[in-house]
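J.: Quick one: the structure is below, questions incoming.
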Amino acid sequence: MKILADTHILLWASDHPERLSKATRLLLSDSGNELYFSPMSIWEVAVKGALEREDFRFDPRVLRRNLLENGYLELPLTSDHALAVQGLPPIHKDPIDRLLIAQATVEGILLLTTDRQIARYPGPIRKV
């Protein structure tokens, strides 16, 4: 299964795996799954970390390196993804989360999220 992890899951997997549910840890450690991250997540960590948000205090360069070293693939952001945002219902206002939803939808990749609002979208999304 192809899995796109949202930003909080990436951060917790990298620095606080105990915050992830057992089911989430199993999904992320299953060698049969292809794990992806979005450049939007790296950007989110950079921007929100610079704003000194407590939950984003992680060096985005280190996060990216850790993800790549642990077998995650970077899912390129394309104009198809950007255009798909236009068709999303206005459930969630955060542009980063909306792009993650669009990427998962366009690519047919399961988006794992901790966000209840994101989980309200139709498509390949699972709240964990």
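J.: To the nearest 20 debye, what is the magnitude of the charge dipole of the chain about its Cα centre, counting +1 on the Cβ of each Lys and Arg and -1 on the Cβ of each Asp and Glu? Could the numbers behind the result be given before it?
T.: Details: 16 positive and 17 negative charges, 59 e Å.
Charge dipole of the chain: 280 debye, to the nearest 20.
J.: Please name whichever of 14, 118, 67 sits farthest to the positive end of the charge dipole of the chain, dipole taken about the Cα centre and charges placed at Cβ: Lys and Arg +1, Asp and Glu -1.
T.: 118
J.: Follow-up. Just going by the charge dipole of the chain, with Lys and Arg at +1 and Asp and Glu at -1 on Cβ, which of 51, 90, 109 is farthest out on the positive end?
T.: 90
J.: If you take the Cα Rg of the chain and divide it by 2.2 N^0.38 Å, with N the number of residues, what do you get? List each step's numbers first, then the result.
T.: Details: Rg = 13.6 Å, N = 128, 2.2 N^0.38 = 13.9 Å.
That works out to 0.98 for the chain.
J.: Test of understanding: what is the full-extension gain from residue 18 to residue 77, defined as 0.36 nm times their sequence separation minus their Cα-Cα distance? Spell out each step's value before the answer.
T.: Values: separation 59, 0.36 × 59 = 21.24 nm, distance 2.97 nm.
In short, 18.3 nm is gained.
J.: Given the options 82, 104, 23, state which has the largest fluctuation in a GNM of the chain using a 10 Å cut-off (strictly under) for Cα springs.
T.: 23
J.: Continuing with this model, one more query. Count the lysine pairs in the stretch 2-127 that are 8 or more places apart or on different chains: how many have C-alpha atoms under 18 angstrom apart? Don't skip to the end; give the middle numbers.
T.: On the way: 2/127; 22/127; 48/93; 93/127.
Lysine pair count for the stretch 2-127: 4.
J.: A further question follows. Could you tell me the calculated FRET efficiency between residue 106 and residue 43, based on Cβ-Cβ distance and R0 = 22 angstrom, to the nearest 0.05?
T.: Numbers: r = 18 Å, r/R0 = 0.83.
For residue 106 and residue 43, the calculated efficiency is 0.75.
J.: May I pose another question? Need one number: nm distance between label points at residue 117 and residue 54, each 7 Å from Cα along Cα→Cβ, rounded to one decimal.
T.: Inter-label distance under the simple model: 2.0 nm.
J.: Moving on to the next point. Calculate the FRET efficiency for residue 62 and residue 86 from the Cβ-Cβ distance with a Förster distance of 35 Å, rounded to the nearest 0.05. Walk me through the numbers on the way to the answer.
T.: Values: r = 34 Å, r/R0 = 0.97.
Efficiency, rounded to the nearest 0.05: 0.55.
J.: Next up: Between residue 25 and residue 93, what is the label-to-label distance in nm when each label sits 7 Å out along the Cα-to-Cβ direction?
T.: Result for the modelled spin labels: 3.6 nm.
Bear in mind that the values in this text are calculations on the coordinates, not laboratory data. Computed from a predicted model, the values in this text were never measured in an experiment. Ideal geometry is used to build each Cβ from the backbone, glycine not excepted, and the neighbour counts take in all protein chains shown.
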